[in-house]
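*Asks:* Here it is: the structure, laid out below.
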Amino acid sequence: MSAPQPPAAALDAHVAEGELEAGRDSVPVFQRFMERIGAFWTLGVLAVLIVAFGIAAPTLYTKAAWLATSSFAVEYLILAIGQTYVIVTSGIDLADGATLGFSAMAGSLLMENLLASHVSGGVASFVGILLMLATGAGIGLVNGLIITRVKLPPFIVTLGTLTAVTGATDLLNNGTEITNLPGFVTTLGTANVLSGWLPVPVLIALALAVLFGLGLSRTRFGMRTYAIGSNEIAARRAGVDVDRHLVRVYMISGVLAGVAGLLVTANFSAASPIAGANDELYAIAAVVIGGASIFGGRGTMFGTVIGTGIIAVLTTGLVLANVQPFWQQVAIGAVVIGAVAVDRVRTRAGTD
Amino acid sequence: MTTVQRPTGGHGGAPARPVVEVRGVSKRYGSIHALRDVDMAICPGEVVGLVGDNGAGKSTLVNIIAGALAPTSGEILVDGERVGFKSPTDARDAGIETVYQDLALAPDLSVWQNLFLGRELTVRGPLGWIGWLDRRAMAQQSVTDLERTRIRISSVSSRVGRLSGGQRQAVAVGRAAAWGSKVILMDEPTAALGVEQQQKVGELIKTVASHGLPVLLISHNLPQVYDVCDRILVLFHGRLIADLRPEETDMDGIVGWITGAAMLSGGSTR
């Protein structure tokens, strides 16, 4: 940064004469406190969950439990990263789970056929992974174009592509899974660093969260993403090409679904046509638990990571505590509603 | 900003060179004449009021100057040069800023983000190529811009949604003043404000104009127009029928022009 650093006080503009109405905040202390702590309260919830489940099931603190929890979280986190961008624009991407499944199947089918025609595993992996990412981007492009050109609500458009893409996934290989994959892809699922404590897929997911988190909070693209979700007309009047921006946001969501498709395929050493089914619900839940507003304009990647963590710990914690698995979904549903309720209290002050 | 002396009122002073001129502008929608052959000019430092009854053509005229509408005939000149705006962005690039009635602010963005939305500053070097924001520079510049218009906001990092109605108004005007180099168009800027805040926005308008940046104020709030403006233009059925100076008329006089009564009785100041 080239600009000299001003004293912090200089960022507060106080002009004695001719000042405009300062508007004393009449916001209750509790609400101001809640707004100030921002997404950090969810971090507290995550900590409480980890302690509580640790007491109920001490095996939560083992390496095996950590690997299970973090590997479980990978696909949801990657989808939730893209979903965060979409939700901040006040949109929603119901199709990202289906996109995961379709791109994984499409890329794997290509890899299987390339291997069958004696193409080297490296080339097959490269081309197959490219196809997964391109397929994801393509579905995102279709979503974005229909939303901006035909001017239909994102909920309806992505509900439609969710259904259509799910059907198309079964068409690819008659609804059966693909297991003949290049070695590069299958080892990707088992590779790890830090003497086995950090699986490579988890590392990739966290790196993507940092990268896209910085993109959201520190770049022009991110700032305009918030602006569109906060007041689309204001963004248009400020000269932002809102339609083009939205198309790109849905493409980001699609590409990330392709990445998630790759990692899920790597993890199971197989591409399944039912991979990713219903994942969008967990991804949306993670973003909302993380403090994003479904009305747009608000949300952070940090919150999304914590939200995904809460879902993952709830899931493994309940398993380890020998609770019937059906309760997992009940618990996650309750947490989503609880999170939105707390968020409402937290922000009632700020939204006039 | 150019150095200009503010018109002192009355007809005595030498007329300053107009920054924005409207020449023979008409706008027709089918058989409806929204504007008929309107001529007007705005000089540096002036606050010009634009009044008229609903449907008199105020919004049409403002939208034409702001680049949101194309005139059917006639021309707009900025600094004596003919311009053909195809969009509000063109008008903005030419130094014409508009403060909309709904303010067009993003409540979830901070004050400085709203000031720079669409014109963000990025850092130099490779990070700048991917659009990495120079947040510090924008925050600093926002403080300077708002200080110049004597706007007091406790912190430019405050979310706009947390500000009072008057403060939001100030941010919208401050943004226009910061970016506008020719004229600020204000469409009913005080419609949603209380009396005290209306007065403060009035002072804000005067402050902006005293820096040389003229303001075209469209308002139904006649006391404010009377109080703030150096000249008051009256539109009546698409025609510009009067160019009044507040010291030469009173509120009843203005109302007479707006309703057309003054025209019937034969008075004219043009």
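The values are calculated or read from the model by the stated rules, or taken from the named source; none is laboratory data. Just so we're clear, the structure is a prediction, and the values are computed from it rather than from any experiment. Cβ atoms come from the backbone with ideal geometry, glycine included; neighbour counts cover every protein chain shown. Remember, those area values only see protein heavy atoms, side chains included, never the ligands or the DNA or RNA. Shrake-Rupley method; radii C 1.70, N 1.55, O 1.52, S 1.80 Å.
*Asks:* Have a look at the DSSP beta bridges in the protein assembly as shown and tell me what percent are antiparallel, nearest 5.
*Replies:* Expressed as a percentage, antiparallel bridges in the protein assembly as shown total about 60.
*Asks:* Please find the FRET efficiency linking B:Leu222 to A:Leu281, where r is the Cβ-Cβ separation and R0 is fixed at 45 Å, and quote it to the nearest 0.05.
*Replies:* Numbers: r = 57 Å, r/R0 = 1.26.
Computed FRET efficiency for B:Leu222 and A:Leu281: 0.20.
*Asks:* Using only Cα atoms and rounding to the nearest 10 degrees, what angle (0 to 90) does helix A:326-347 make with the longest principal axis of chain A?
*Replies:* The angle comes out near 20 degrees.
*Asks:* Which residues in the range A:84-100 place their backbone N less than 15 Å from a point set 7 Å from the Cα of A:Ile156 along the Cα-to-Cβ direction?
*Replies:* Counting only backbone N, you get A:92.
*Asks:* How are the C-alpha pair distances of the protein assembly as shown spread across 10 Å bins, as whole percents from the shortest bin up?
*Replies:* Result returned by the calculation: 3, 14, 21, 20, 16, 12, 8, 4, 1, 0.
*Asks:* Further question on the same structure: Quote the FRET efficiency, to the nearest 0.05, computed for A:Leu109 versus B:Glu196 with a Förster distance R0 of 56 Å and r equal to the Cβ-Cβ distance.
*Replies:* My answer for the efficiency is 0.20.
*Asks:* Now, a different point. Report the label-to-label distance for A:Leu203 and B:Leu77 in nanometres (one decimal), using points 7 Å from each Cα along the Cα→Cβ vector.
*Replies:* 6.9 nm
*Asks:* Taking only Cα atoms, what is the 0 to 90° angle, nearest 10, from helix A:200-218's long axis to the longest principal axis of chain A?
*Replies:* Taking the Cα atoms of chain A, the angle to A:200-218 is about 30 degrees.
*Asks:* Between the range A:179-194 and the range A:61-118, how far is it from one alpha carbon centroid to the other, in angstrom?
*Replies:* About 15 Å separates the Cα centre of the range A:179-194 from the one of the range A:61-118.
*Asks:* I would also like to ask the following. So the label point goes 7 Å from the Cα of A:Val340 along Cα→C-beta, right? Which residues of the range A:159-176 then have their backbone N under 18 Å from it?
*Replies:* Under 18 Å, as judged by backbone N against the label point of A:Val340, lie A:159 of the range A:159-176.
*Asks:* Same structure, new question: Chains A and B: buried accessible surface, both sides, probe 1.4 Å, rounded to 100 Å²?
*Replies:* The A and B chains share an interface burying roughly 4400 Å².
*Asks:* Between the range A:283-352 and the range B:147-177, what's the alpha-carbon centroid distance in Å?
*Replies:* The distance from the Cα centre of the range A:283-352 to that of the range B:147-177 comes to 34 Å.
*Asks:* If you don't mind, there's one more thing I want to ask. Return one number: the angle in degrees, 0 to 90 and rounded to the nearest 10, between the long axis of the Cα atoms of helix B:195-210 and the longest principal axis of the Cα atoms of chain B.
*Replies:* 90 degrees
*Asks:* For the range B:104-142, run through the trypsin sites (Lys or Arg not before Pro) and keep only the ones in DSSP coil with at most 12 other Cβ atoms within 10 Å of their Cβ.
*Replies:* Filter output for the range B:104-142: B:Arg124.
*Asks:* Specify which residue in the list B:Thr149, B:Gly253, B:Val215 is farthest towards the positive end of the charge dipole of the range B:108-259, using unit charges on the beta carbon of Lys, Arg (+1) and Asp, Glu (-1), about the Cα centre.
*Replies:* B:Thr149
*Asks:* Be a star and scan the range A:306-338 for residues whose amide nitrogen sits under 19 Å from the point 7 Å along the Cα-to-Cβ vector of A:Ile274.
*Replies:* Counting only backbone N, you get A:325-330.
*Asks:* In chain A, if the dipole is taken from +1 on Lys/Arg beta carbons and -1 on Asp/Glu beta carbons about the Cα centre, which of A:Val330, A:Ala227, A:Tyr61 is farthest to the positive end?
*Replies:* A:Ala227
*Asks:* Would you mind finding the longest exposed-site-free stretch of chain A, with exposed trypsin sites (Lys or Arg not before Pro) meaning DSSP loop and at most 13 other Cβ atoms within 10 Å? Spell out each step's value before the answer.
*Replies:* On the way: sites that count: A:Arg24, A:Lys151.
Free of exposed loop sites, the longest segment is A:152-352.
*Asks:* Moving to a separate point now. Report the Rg/Rh value for chain B, based on alpha-carbon coordinates and the Kirkwood definition of Rh. Numbers along the way, then the final one.
*Replies:* Working: Rg = 19.1 Å, Rh = 19.4 Å.
Using Cα coordinates only, the ratio equals 0.99.
*Asks:* Please state the charge dipole magnitude for the range A:47-181, taken about the Cα centre, from unit charges on C-beta atoms (+1 on K and R, -1 on D and E), reported in debye and rounded to the nearest 20.
*Replies:* That gives the range A:47-181 a dipole magnitude of about 280 debye.
*Asks:* Something else: With an 8 Å cut-off on Cα pairs and a minimum separation of 6 or more residues, tell me the relative contact order of chain B in percent.
*Replies:* For chain B, the relative contact order is 26 percent.
*Asks:* Quick check for me: using +1 on Lys/Arg Cβ and -1 on Asp/Glu Cβ, what's the dipole size of the protein assembly as shown about its Cα centre, in debye to the nearest 20?
*Replies:* The calculated dipole for the protein assembly as shown is roughly 500 debye.
*Asks:* For chain A, what is the convex hull (Cα atoms) projected area averaged across all directions, in square nanometres? Mind dumping the intermediate values first?
*Replies:* Details: hull surface 89.1 nm².
Convex hull of Cα atoms, orientation-averaged projection: 22.3 nm².
*Asks:* Taking R0 as 56 Å, what's the FRET efficiency between A:Thr62 and A:His118 from their Cβ-Cβ distance, rounded to 0.05?
*Replies:* Between A:Thr62 and A:His118 the formula returns 0.80.
*Asks:* Describe numerically, in nm with one decimal, the distance between label points set 7 Å from Cα along Cα→Cβ at B:Tyr29 and at A:Ala52.
*Replies:* Between B:Tyr29 and A:Ala52, the simple spin-label model gives 5.9 nm.
*Asks:* If you find the alpha carbon centre of the range B:26-56 and of the range B:100-120, how far apart are they in angstrom?
*Replies:* 28 Å
*Asks:* What dipole magnitude, in Debye to the nearest 20, does the range A:39-346 give about its Cα centre under +1 on Lys/Arg Cβ and -1 on Asp/Glu Cβ?
*Replies:* Numbers: 13 positive and 12 negative charges, 201 e Å.
Using only the charged Cβ atoms, the result is roughly 960 debye.
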